[in-house]
Amino acid sequence: MTGDVGVGADVVELAVRAAVRAPSPHNTQPWEFHAGPDGIEVFLDESRLLRVADPGGREAALACGAALLNMRIALEAAGHAATVEVLPDRTRPRLAGVVRIGGTHRPTPEQTRLAGAVARRHTNRRPFLDRPVPAPARHALTAAADHEGARLVLLSTSELDAFAALLRQADHVQSEDAAFRAELGEWTHPGDRSDGVPASAGGPRPPSSALLALRDYGGPAAGREREFERDPLVGVLTTAGDTRRHWLLAGLAMERVLLAATVAGLSASFLAQPIEVDPVRREVAALLAGRGHPQTALRIGYGYPGAATPRRPVEDVTG
Ligand SMILES: Cc1cc2nc3c(=O)[nH]c(=O)nc-3n(C[C@H](O)[C@H](O)[C@H](O)COP(=O)(O)O)c2cc1C
């Protein structure tokens with residue numbers, strides 16, 4: 001790793017190892033890291049954008065934001081003071097953000113717990129148990145989003161019905177789109193790559209009458225139909241604005257919510273379809289009525305642990 005951030009190469013490596021565990025759409029891992037005099041910089045890797053599902057790069061920005069949060073938390077838990085600045089340099093638009101490292105830091109118990117969850121967090125596309133998420137756990141999730149300046153709107157029963165209808169609508173639009181299907185196919189594989197979604201990460205197929213439409217990543221499990229939880233908990237992550245800066249900050253919040261869920265023993269998967277299809281996204285925003293711009297949606301509940309997906313080696317994403 002090149003550059004000098006005033007800490008050892010081992011500390012930089014610890015941070016980047018945490019960063020790459022972040023979730024990204026179709027596991028594209030759209031990032032590059034550079035340790036320079038100003039800190040560890042995260043660059044958007046434009047060659048890894050999803051041109052069909054994410055033409056504006058909004059979801060790639062969420063992923064880079066999540067990587068920034070993982071670095072900050074891992075550094076803090078390792079005893080380093082760390083701060084994140086997003087879009088620190090107008091002259092370098094590919095530079096999504098930087099983590100500045102300075103001085104020693106006494107980690108809080110929460111930082112230690114969140115850092116411990118980085119490697120245990122996996123998207124879980126399987127059915128969850130019919131066990132309600134209690135109020136303290138719900139509070140931990142919404143507080144995690146608040147902490148990073150975003151908002152997690154946990155949908156009421158009637159809102160969930162309306163959201164689910166939009167989800168099915170968007171899922172239908174995408175599954176009828178040959179370009180979308182081809183792109184998804186490019187990022188889905190049996191398990192022989194260090195990026196993309198391996199077959200082992202797919203879940204079973206919900207019945208066609210199911211409330212929630214889940215993205216079909218294929219794999220052996222997709223051939224089996226299974227009932228999903230009867231009363232799912234769905235949260236929509238929102239931001240006050242809808243600029244690239246908001247997307248990056250939403251990424252930090254998204255990852256903190258996912259780590260807080262992991263700490264609380266909860267699993268999560270994404271329901272991004274209605275946020276990816278623009279006209280449907282506007283309807284989701286209308287449903288939320290003044291509670292912000294939707295950035296992603298999560299299904300949260302108690303499940304058996306999900307499986308890890310691969311990551312490109314640290315050497316391939318640093319320079
Ligand atoms: C912005 C964003 C949108 C995503 N949308 C979906 C989705 O709609 N359906 C899904 O099953 N997974 C979705 N994912 C999850 C990714 O496929 C997953 O993060 C990636 O495969 C890496 O796996 P991991 O989360 O288990 O580490 C999304 C992830 C991100 C960051």
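Checking the condition more than 17 Å from Asn124 (Cα to Cα), touching a residue at least 24 places away in the same chain (Cβ under 8 Å) and open to solvent by less than 10 Å² (accessible area, probe 1.4 Å), which residue from Leu288, Leu249, Leu259, Leu271 passes?
Answer to the selection: Leu288.
Modelled with pLDDT under 95, closer than 25 Å to Pro55 by Cβ, assigned by TED's automatic domain parsing to the domain that holds Thr296 and out of contact with any strand residue (DSSP E or B) (no Cβ under 6 Å at 6 or more places or on another chain): which single residue out of Asp171, Asp216, Asp192 fits that description?
Sole residue among the options that is modelled with pLDDT under 95, closer than 25 Å to Pro55 by Cβ, assigned by TED's automatic domain parsing to the domain that holds Thr296 and out of contact with any strand residue (DSSP E or B) (no Cβ under 6 Å at 6 or more places or on another chain): Asp216.
Looking for whichever is farther than 29 Å from Arg245 by Cβ, in contact (Cβ under 8 Å) with a residue 40 or more places away in the chain and not in a helix (DSSP H, G or I) here; the options are Arg168, Arg193. Which one fits?
Arg193
Any residue that is open to solvent by less than 80 Å² (accessible area, probe 1.4 Å), in the same structural domain as Asp45 (by TED's automatic domain parsing) and among the β-branched types (Val, Ile, Thr) - is there at least one of those in segment 138-152?
No, segment 138-152 has no match at all.
It is to be established whether one or more residues within segment 274-284 are buried (at least 23 other Cβ atoms within 10 Å of the Cβ), modelled with pLDDT of 95 or more and within 13 Å of the chain's Cα centre (by Cα).
no
Going by what's in this entry, would Val234 be described as away from the ligand (no atom under 12 Å from the Cβ) and under 23 Å from Trp187 (Cβ atoms)?
Judged against the criteria, Val234 is not a match.
Got a number for residues in segment 85-121 being in contact with a Lys or Arg (Cβ under 9 Å, 6 or more places away or on another chain), within 28 Å of Gly265 (Cα to Cα) and part of a loop (DSSP other than H, G, I, E, B)?
Qualifying residue count, segment 85-121: 3.
The values are calculated or read from the model by the stated rules, or taken from the named source; none is laboratory data. Since this is a predicted model, take the numbers as computed values, not measurements. We place every Cβ from the backbone using ideal geometry, glycine too, and count neighbours over all the protein chains shown. Just the protein is used for accessible areas: all its heavy atoms, side chains included, with ligands, DNA and RNA removed. Shrake-Rupley method; radii C 1.70, N 1.55, O 1.52, S 1.80 Å.
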